[in-house]
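The structure under discussion appears below in the form of structure tokens.
None of the figures in this text is laboratory data; all of them are computed from the coordinates on show. All values derive from a computational prediction rather than experimental measurement. Heads up, the Cβs are rebuilt from the backbone with ideal geometry, glycines too, and the neighbour counts pull from every protein chain shown.
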Amino acid sequence: MNLLHVDSGILGTSSVSRRLSAAAVAQWRERYPETNIVYRDLVSDPIDHLTGDLLVVQRVDAGQHSTAMRHALAVSETVLDEFMAADVVVIGAPMYNFGIPSQLKAWIDRLAVAGKTFRYTEKGPLGLAGGKTVIVASLRGGFYGADSPLNAIDHQEKYLSTIFGFFGITDIRFLRAEGVNVSAEQRQKAIAGAERKIGQLLAA
């Protein structure tokens, strides 16, 4: 079994999403010690944002590829191979300004490749990366759940559910800590509550 662990929180050791994603991976390893784990830190080793060169590189003769194009293509292939090889993907994904970190978006842009993770058909798009489990360690400063008046501006969990669903993945689980910026008490309560739910989430 292969597990891909991805972090995108920019606060280093202070990052709650990193703390939760690491805890989830540690418990997964305890349950399934034979798991092969690949780790990718999108902050310490960032992926460049999508460029025009990358979009057209497949239509350009390999002999005409610039050094930058060859590098971008190599990074894309590596990132996509890691994702496609994974049976389980654990993602540390905090909410920044109602959305996901730009570093995480850059990674996802390298996964959204027609013919690899999805394809278009006469009946609409068809996901090609099904069969995986995606576990998202979701960190939010406020409250954005279904019963919150701020739910409409949640472009973090909703986007992640949409894009991975677009890839054909139906098993998407959220390990959520909300309201961590409301107060010190709420921060500790949210983190402790999320950590208690890890075992149940992994067994789902």
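Using just the helices of the chain, give the 222 nm mean residue ellipticity in deg cm²/dmol: DSSP H runs with n ≥ 4 each add -39,500 (n - 2.57), and the total is spread over all residues, rounded to 500.
Details: 6 runs with 80 residues, N = 204.
Taken over the chain, the calculation gives -12500 deg cm²/dmol.
What spacing in nm lies between the two simple spin-label points modelled at residue 203 and residue 120, each 7 Å away from Cα in the Cβ direction?
4.6
What is the set of long-range amide H partners of residue 135 at a cut-off below 5 Å, with H atoms built 1.01 Å from backbone N?
89, 90, 91, 173
Put a dot 7 Å past each Cα toward the Cβ at residue 29 and residue 148; how far apart are the dots in nm?
A separation of 3.1 nm, rounded to one decimal place.
Using only the alpha-carbon atoms, how far is helix 157-166 inclined from the longest principal axis of the chain? Give it as 0 to 90 degrees, nearest 10.
Approximately 40 degrees, to the nearest ten.
Helix 67-85: angle to the longest alpha-carbon principal axis of the chain, degrees 0 to 90, nearest 10?
The two axes meet at around 50 degrees.
What number of lysine-lysine pairs in the chain show an alpha-carbon separation below 26 angstrom, given a sequence spacing of 8 or more or placement on distinct chains?
Lysine pairs meeting both conditions in the chain amount to 12.
With a Förster radius of 30 Å, plug the Cβ-Cβ distance of residue 187 and residue 70 into 1/(1 + (r/R0)^6) and report the FRET value to the nearest 0.05. Numbers along the way, then the final one.
Numbers: r = 45 Å, r/R0 = 1.50.
Approximately 0.10, to the nearest 0.05.
What angle do you read, to the nearest 10 degrees and between 0 and 90, between the alpha-carbon axis of helix 102-111 and the longest principal axis of the chain?
In the chain, helix 102-111 runs at an angle near 50 degrees to the longest axis.
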